[in-house]
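To keep things clear, I will list the structure first and then write my remarks on it.
The values are calculated or read from the model by the stated rules, or taken from the named source; none is laboratory data. All values reported here derive from a predicted model rather than from experimental measurement. For neighbour counting, all protein chains shown are included, and Cβ atoms are generated from backbone atoms with ideal geometry for every residue, glycine included.
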Amino acid sequence: MTNSFRTSTGGRVNRELPLSFQFDGTPYSGYAGDTLASALLANGKHDIASSIKFGRPRGVFAAGPEDPSGVIQIEEPFPEPMLMASTVELYDGLVASGLPGQGWLADRPDPARYDAVHHHCDLLVVGAGPAGLSAALTGARAGARVVLVDSLSEAGGSLLGSTEVIDGRPALEWVESVTAELDEHPDVLHLQRATAFGCYDDGFALALENRTDHLGGAADPDDTRQRVWRIRAQYLVIATGAHERPVVFNDNDRPGIMLAASARTFLHRFGVLAGGRAVLFTTNDSAYAAAFDLSDAGVTIVAVADSRAQVSERLQDGCVRRGIALHTGHVVSGTDGDRRVESVDIAALTGDNEVGQAERVAADLLLVSGGWNPAVHLFSQARGRLRYDDGIGAFVPAEDLEQGRAVGAAAGHFGLADALRDGASAAAAALGPTATAAVTEHQVDDLVEAPSAVLWSVPGSGETGMAFVDLQRDATTQDVLRAVGAGLRSVEHVKRYTTIGTGLDQGKTSGVVTSGIIADALGVGVAELGVTTYRPPYTPVAFAALAGRNRGQLLDPVRLTPTHVWALTRGAEFENVGQWKRAWYFPREGESMDGAVARECRAAREGVAFMDGSTLGKIDVQGPGAGELLDRIYTNMMSTLKVGRARYGVMCGADGMVVDDGTVIRLADEHFLLTTTTGNAASVLETMEEWLQTEWPELRVHLTSVTEHWATFPVVGPKSREVIAALVPDLDVSNDAFGFMTWRDAEIAGVPVRIVRISFSGELAYEVNVSAWHAMAVWRAIAEAGRPHGITPYGTETMHVLRAEKGFPIIGQDTDATMTPQDLGMSWVVSKKKEDFVGKRSFTRLENQREDRKQLVGLLPQDPSVLLPEGGQVIETADLPEAPVRMLGHVTSSYHSATSGCTFALAVVRGGRDRLGETLYVPMNGTPVPVTVSDTVLYDKEGARRDG
Amino acid sequence: MQLIPCPWCGPREEVEFHYGGQAHVAYPAAPADLSDREWAEYVFFRDNPKGLFAERWVHSTGCRRWFNAIRDTGTHDFRAVYRPNEPKPVIS
């Protein structure tokens, strides 16, 4: 039984190109141009999925993305869950299965490529149906840059599923001529298989283009599978058509029940008969075309149930001519069947909202039409206002967008002539006289339709059986009524209570119906009740597509220091510091981290060690106002710094809290170079720019980030003087000639360097600064000159231990945004002479004078082998009291000191400096551990070591 | 995604910008002369109106320059942008 429901001729499928596929383990065949849904229906396969809550069989309910029930999983070639059978183009070798409302994700990385393209245009037309094509052609002829996107495999939209005639010829001939002409225009970008899924501010829209799936195995694996188009349009034409709306009745979810126009689409676009014996249930004229066309194609139309009391003579004649029993004033009140609809109950609407005795007719197909909802999703996303149209029972655009318009069926203008005219005039409105001149008139015979009836739900539905409002969520009329009964009055609340509209179809067929049912239950108008918000994406979009190329190594930049490869070859372990990779420690063969750090610390304290400190932020400050700017930014005086000297500085926010620290060196009268902590390099530059541009524009200063330009290599330890002396023989490195906090220009390995006497370890140290371009030559020279002294490379862990032993805080680790310089015990860095600087006034605020502020202190565990956890809370008592426990502060840094042979910590503690010598406690695994509050400086309290 | 008209560069996408809070909150001429309350007003207190609001913005990943804008906080509409040295435009 292959393709036994395929018509002998017709449809847009290529019968020369049969395709094999598998569904639920059974092999089938279809044709190129099929969707998975049409191919399954062609094979008579209707029950393809089961429902999420009740496990009821479900089939294809619609031919497009509005389908709430044909949910499938692709198994091969690459797993992809939760897709609509109606939106999956068939390809050879496709293996898929029906889903019970939930799918499964691949357990392996997606090998496909995804990317994004930015595009700008005068006119973005969404939808290549009659209205969209008319707009795009008018725009193209006017010379505009036009983008036309459409979700289907070919242009035509609703014309693909109908038998319309334009200018006396089949409409698809017109479509062909329009697309051919668009191809001729170099400024027109025409994308099929591209779904606009989001509209945002200022003419910005996103579209997802499916580029390779339909090619199956013939696709180039290196080609981009899906592309997100980021389109910025001057004007947006929304020609997205309309979705047919169902009517709710008992057992309205069986396979074989589908929207009328979808069945017509399966016939005309795919040459597929959705059944053999059909009933049509309608509230409007448009659905008769489906019944008549299917009848003409050989389907027996058993009956038409039209809820209206009267039907036009044209339709009556059409039924008579085809031998179709027409029941006006009738509805479908229920269905029966096992895996598929087998019979349909037709009943008369009687008087006051009731139905009469039903007559049961045998049928394997039930066509339903409750009217049409304009696809206003994108229009609404672009903040277009909607209004409720009583006549069609749907929400329609109430206005033009500032930069766009909905046209054709999307605007509630359902006739073909309207669509063609709408599209052209929207382009003319956007582009002006040249486009107006390009508007073409067409000859179309639109039939005059009688008014539709608005019927959300057949009376009595759900009282005895189940009547589904949202098939995908298995939500029924009873669920809606229960929500209203629970006191919910807003459609948004009912949506969340019932989950209606939260499936991957996003309630395209259930949203307005839900509003209608709620309105009836509350006795209010649908207009005042409204409809739930339309949010992007219009159709599901995979995260892989949104991520595009930004995954794996391209997710985030990785910043490497000049010595990175050298450290790699030395077996260094690295740590991430923001985007930087920094050498953490350099373990020797078989050495633990603690062992390596202890060895590196000893080298720095007893011999000589060196590290790559290039990640330090560096800002070059130049101009006549440079000194003044730094005076206002730093808490201490910088303008008095002499050329050739360096000074430590702290900067605060206006609230007086420390934001960063670093060193400033003066290179010339109007030229300073300052360093920031690694993590704050960007924010310090931004803050300085902010003050400069917004408060002090009179200061003539330029700020330049030079972080990457300068490599910085501290050479640390009592032997460092000998190493520098060997490297720069003609430099007097004696303490008298080259004192602490001064700098000298020199040359190492033929490369100009700047050497600064700065110490972040308390030891004698020389910081060698060199252009990053030549950094490795200098690094190797240092290593070579240091070899006789056993120079040892060290990483960030040792750097942290060394600085913590000296009580040097790391801004951002030992501080948060509530610490002043005074809290850090650094009153000495706050100028008393300067009249003002950023933060100064805040220091005298009452809050900042409190004696119980948290202050930085040292903590010495009374058992010197206990390493306190960073972040551990500091409390007053040896026994853990009942909660809430009074917290005095917390541990900010904690290490082993190889030099002192003990563990130690830095902590912020309330009134900490008045507690020196006290015993406090840090709970570890629930047991408070005694610690002695100490000075922050553990090692070399006199500072005797820095000059060697 | 909204376009923000940088007065130095022209319209650019909003992701290129950072918000800088209320505009025209000048750094006090003599902070030392202010009471704690007056200083706190400068440091911590800002208006938060629904409707037109004069704000500071910076074109962070573009020209890196600051500018002021009159924005409708209800609609996100930028009604005017102007450079820091230009007077605040009058908009009804």
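Worth pointing out:
- Residue tally, condition farther than 25 Å from A:Arg605 by Cα and out of contact with any strand residue (DSSP E or B) (no Cβ under 8 Å at 6 or more places or on another chain), over the stretch A:902-941: 5
- Filtered residue count, the stretch A:913-947, keeping only those that are crowded, with 18+ Cβ neighbours inside 10 Å, over 17 Å from A:Thr877 (Cβ atoms) and of a type outside the set (S, T, N, Q): 4
- Strands (runs of 3 or more DSSP E) contained entirely in the stretch A:616-718, each with at least 3 residues that are within 14 Å of chain B (Cβ to nearest Cβ) and not charged (D, E, K, R): A:702-705
- Annotation note: of A:Val407, A:Val480, the sole residue that is of a type in the set (Val, Ile, Thr), buried (at least 24 other Cβ atoms within 10 Å of the Cβ) and touching a His at 6+ places or on another chain (Cβ under 9 Å) is A:Val407.
Yes or no, residue by residue, for (1) exposed (fewer than 15 other Cβ atoms within 10 Å of the Cβ); (2) free of Cβ contacts under 8 Å to residues at least 24 places away in the same chain; (3) within 25 Å of A:Ala681 (Cα to Cα):
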{"site": "A:Pro537", "(1), (2), (3)": "no, no, no"}
{"site": "A:Gly548", "(1), (2), (3)": "no, no, no"}
{"site": "A:Gly552", "(1), (2), (3)": "yes, yes, no"}
{"site": "A:Arg559", "(1), (2), (3)": "no, no, yes"}
{"site": "A:Val565", "(1), (2), (3)": "yes, yes, yes"}
{"site": "A:Glu575", "(1), (2), (3)": "yes, no, yes"}
{"site": "A:Gly578", "(1), (2), (3)": "yes, no, yes"}
{"site": "A:Lys581", "(1), (2), (3)": "no, yes, yes"}
{"site": "A:Tyr585", "(1), (2), (3)": "no, no, yes"}
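- The residues listed here are A:Ala878, A:Ala772, A:Ala817; of these, the one that is surrounded by fewer than 21 Cβ atoms within 10 Å (Cβ to Cβ), in contact (Cβ under 8 Å) with a residue 40 or more places away in the chain and assigned by the TED database to the domain that holds A:Glu606 is A:Ala772.
- Residue in the stretch B:4-52 that is farthest from the chain's Cα centre (by Cα), counting only those that are closer than 19 Å to B:Gly74 by Cβ and among the acidic types (Asp, Glu): B:Glu14
- For the stretch A:17-33, the criterion of being assigned to a loop (DSSP other than H, G, I, E, B), modelled with pLDDT of 95 or more and surrounded by fewer than 20 Cβ atoms within 10 Å (Cβ to Cβ) is met by at least one residue.
- Which listed residue is free of Cβ contacts under 8 Å to residues at least 12 places away in the same chain and either more than 27 Å from A:Met688 (Cβ to Cβ) or within 13 Å of chain A (Cβ to nearest Cβ) (or both), from B:Thr75, B:Thr61: B:Thr75
- Pairs with Cβ under 9 Å, 6+ apart, first in the stretch A:318-342 and in contact (Cβ under 8 Å) with a residue 60 or more places away in the chain, second in a strand (DSSP E or B) and of a type in the set (Lys, Arg): A:Gly334/A:Arg360; A:Asp336/A:Arg360
- Qualifying residue in the stretch A:234-243 (condition: buried (at least 21 other Cβ atoms within 10 Å of the Cβ), in a helix (DSSP H, G or I) and in contact with a Gly (Cβ under 9 Å, 6 or more places away or on another chain)): no
- One residue from A:Asp422, A:Asp446 being of a type in the set (Asp, Glu) and in contact with a His (Cβ under 9 Å, 6 or more places away or on another chain): A:Asp422
- Among the criteria (1) surrounded by fewer than 16 Cβ atoms within 10 Å (Cβ to Cβ); (2) closer than 30 Å to A:Phe843 by Cα; (3) at the interface with chain A (Cβ under 9 Å from one of its Cβ atoms), the one B:Arg37 does not fulfil is (3).
- Counted residues, the stretch A:176-211 - those being β-branched (Val, Ile, Thr) and within 14 Å of another protein chain (Cβ to nearest Cβ): 0
- The stretch A:819-851, residues that are of a type outside the set (D, E, K, R), within 14 Å of another protein chain (Cβ to nearest Cβ) and under 43 Å from the mean Cα position of the chain (by Cα): A:Thr820, A:Phe837, A:Val838, A:Gly839, A:Ser842, A:Phe843, A:Asn848
- Within the set A:Pro884, A:Pro928, the sole residue that is outside the structural domain of A:Ala654 (by the TED database) and in a strand (DSSP E or B) turns out to be A:Pro928.
- Test: residue in the stretch A:507-515 that is free of Cβ contacts under 8 Å to residues at least 40 places away in the same chain and surrounded by fewer than 22 Cβ atoms within 10 Å (Cβ to Cβ): no
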